[in-house]
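Here's the structure we're looking at; comments come further down.
Every read-out reported here was derived from the displayed coordinates using simple, explicitly stated rules and does not represent laboratory data. Everything numeric in this text was worked out from a predicted model, so none of it was measured. Reconstructed Cβ throughout: ideal geometry from the backbone, glycine too, with neighbour counts over all protein chains shown.
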Amino acid sequence: MQFKLGTFSATGPSGARHEAAGASPVGGPPAGAFPGIVLTDLASRTGAASGASFAPDCVIPLPRLQPLLTRLNLQLRHPDSLLSLLAEWDNNFQALAILCESAPEELARIATPVDDLRTHAPVNPPRQIFCTVANFRTHVVESIVDYGAPPHTDAMDTAARVAYANKVIEERLKGAPYVCFKLPSTVIGATDPLEIPRHVQRLDWELELGVVIGRAARRVSRANAMSHVAGYVMVNDITARDMVRRTDVPAMGTDWLQSKNGPGFLPMGPYFVPAAFRPDPYSLRLKLSLNDRPMQDALTSDMLFDIAAQVEYISQHAQLLPGDVICTGTPAGCGTHYKRYLQPGDVIHASAAELGTQHTACVSSPADASHRE
């Protein structure tokens, strides 16, 4: 039986987990949060003829699994959080997989509907966060068609710009991914509100597949790279477009600190899906709407540099650790294309198959100390 993992806490009636008052604190889940295994379609596995009814997704806190694990002579190592579970992922995944296959009826009896719990970011905080920039073909083409690549495209019509963009892509594929960073303090949960900084005018969305590392990697080959991947999460790489380039020091180029690292700039989750249950990560459909208007809708097969290439490249220059997250790029349809940016009152809805759905309400940020007079 396949399973997912997440981080949860107790809450009131169904739906209360969407309330801003219960949002996860930036930089980690609230006190009392616990890692849980998420099971789907329990009715078909346990026999609906028994008369029991089950929610589509049910959660069992990892501590409640201990009696069943002991009976089966299995052991979860460091089960305090999903981050600590990833430290010995191979062992822990095998234990959970055997448990789910061996005792579905017992698991069903102790499961809680996910709607009765508050959901937090599954890996919070991650150890390190890497972001691969401009890594979807449609995004690169759209950007060049919309804004050009001066002076090369100044006199080009749309068709010529598309042809030029494809040449740029072919040349780029001869090189390596372009990677920047986000801080762990950017992470919030899938239903937590996003505070919009008062000094940012062009805050944008970037729905992406997040790759979670489950085994340390240093200078790994592309052929071995995927063995270091534990699983996948959905992330929204929120970016302040008006802060990407420094007008005071234009020769320095991009400034990813001020453009990608505001608190809450990485909604994550709700679920972590083990890589074994998503053998083809390139068939995943990423969908994002703003106030119910479709904005992004694409398959992850549109990546320029695949996951193995990204893991290989990053590990050549940095130490990848269990619990790291790689944001693998976003497709076309960001706010830059629509000339529409996030503002208080907006609601972002995002989905990616079994990775779950995000419901992010945009709210005004209280004046922070650095901008008070």
Note: Asn224 to His78 extended length (0.36 nm per residue) minus current alpha-carbon separation gives 50.0 nm
So, with points 7 Å from each Cα along the Cβ direction, the Leu173-Gln201 label distance in nm works out to 3.8
Under the 7 Å Cα-to-Cβ spin-label approximation, Asp90 and Ala163 lie apart by a distance in nanometres of 5.2
Summed over the other residues with a beta carbon less than 12 angstrom from that of Val211, with K and R at +1 and D and E at -1, the charge totals -2
Those cysteines in the chain that have no second cysteine Cβ within a distance under 4.7 Å are Cys58, Cys100, Cys180, Cys334, Cys362
Given 121-127, 210-216, 338-344, the highest-first ranking by average Cβ count within 10 Å works out to 121-127, 210-216, 338-344
The helix 158-172 Cα axis meets the longest alpha-carbon principal axis of the chain at an angle in degrees, between 0 and 90 and rounded to 10, of 60
The size of the Cβ-based charge dipole (Lys, Arg +1; Asp, Glu -1) of the chain about the Cα centre, to the nearest 20 debye, is 500
Taking r as the C-beta separation of Ser102 and Arg245 and R0 as 56 Å, the FRET efficiency to the nearest 0.05 is 0.50
Expected unfolding gain across Asp297-Thr70 under the 0.36 nm per residue rule, minus the alpha-carbon gap, is 77.3 nm
